[in-house]
Structure formats: C-alpha cells, structure tokens
Amino acid sequence: MTYINKMKFSGNKLVKGKNNNLDLNYMKLNNVLEYNEKFKCIIIPSLHPDFSIIISSISLIVTEEGNSLSHLAIIARERDIPIIQIKGIFNKIKKCGKLQLFGNVINFEE
C-alpha cells in the first residue's frame with residue numbers, strides 16, 4: 001500500500017497487543033452507536049467503557065486520553081488488541097480513511 005500524502009504520528013502504546021504492523025481502515029467515533037463493522041480501527045477521544053461492546057470487531061484502538069488501567073484497556077489487553085494514545089489526534093485527521101501501524105507510529109492516508 002502506497003500513500004501519496006501521509007500524516008505521521010507517534011504515540012504512547014497503552015496496550016501492546018499482538019500486532020505491531022497493520023494496514024487498516026479507521027473511523028473516528030464519538031460514541032459506540034456510530035460504529036460500522038467494516039472498520040477494524042477506531043479512533044476515540046477517550047477509553048470509555050461503552051466501546052467494550054464492539055471490541056471483538058476491532059484490531060486497533062487509537063485514543064487521545066486514557067490509561068492502561070481503564071476498563072477498555074484491560075479488556076483489550078485480554079484480547080491482544082493494541083491501544084495507542086496520541087494527544088490531539090482526533091481533530092487532525094478526517095472522519096474515515098486508511099492507516100498503517102508500525103510499532104507505535106501511525107501513518108494516516110491523506
């Protein structure tokens with residue numbers, strides 16, 4: 001997969017997960033009711049417990065706020081789903097798109 005324009009962000013990995021290199025479709029969500037199953041990555045403002053009901057459909061979670069002891073982080077750790085925290089990410093990217101994850105670095109398609 002080649003991106004013409006990339007936005008590159010590096011973040012703090014709250015949950016390591018089993019996958020360090022992923023190519024995924026992402027969707028920004030304000031609440032769990034907006035979720036569409038074709039997106040395997042969600043970008044959320046915080047690690048709210050409501051998102052735990054869709055975690056079985058997710059391969060990666062990107063958040064602005066949260067910590068490794070939150071309810072959602074604990075469930076993600078049990079299922080080997082990585083969570084990356086990047087401050088200010090929510091307002092810098094478009095609603096839906098593609099991304100590549102390499103460790104704790106994410107490249108967003110622009």
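Taking the conditions exactly as written (crowded, with 20+ Cβ neighbours inside 10 Å, free of Cβ contacts under 8 Å to residues at least 40 places away in the same chain and either of a type outside the set (Gly, Ala, Ser) or out of contact with any strand residue (DSSP E or B) (no Cβ under 6 Å at 6 or more places or on another chain) (or both)), does residue 47 satisfy them or not?
The answer is yes for residue 47.
Yes or no: residue 42 under 22 Å from residue 109 (Cα atoms), in contact (Cβ under 8 Å) with a residue 24 or more places away in the chain and crowded, with 20+ Cβ neighbours inside 10 Å?
No, not satisfied.
Of the numbered conditions (1) hydrophobic (A, V, I, L, M, F, W, C); (2) modelled with pLDDT of 95 or more; (3) over 18 Å from residue 107 (Cα atoms), residue 55 fails exactly one; give the number of that condition.
All conditions pass for residue 55, except number (2).
Can we say residue 68 is small (Gly, Ala, Ser) and more than 20 Å from residue 9 (Cβ to Cβ)? Step through it out loud before you land on a result.
Values: small (Gly, Ala, Ser): yes; more than 20 Å from residue 9 (Cβ to Cβ): no.
Considered against the rule, which asks whether it is small (Gly, Ala, Ser) and more than 20 Å from residue 9 (Cβ to Cβ), residue 68 comes out as no.
Counting only residues that are out of contact with any Phe, Trp or Tyr (no Cβ under 7 Å at 6 or more places or on another chain) and farther than 15 Å from residue 16 by Cβ, which one in region 71-95 is surrounded by the most Cβ atoms within 10 Å (Cβ to Cβ)?
This residue is 90.
The values are calculated or read from the model by the stated rules, or taken from the named source; none is laboratory data. As the structure is a computational prediction, the values presented were derived from the model and not from experiment. All Cβ positions, glycine included, derive from the backbone under ideal geometry; neighbour counts span all protein chains shown.
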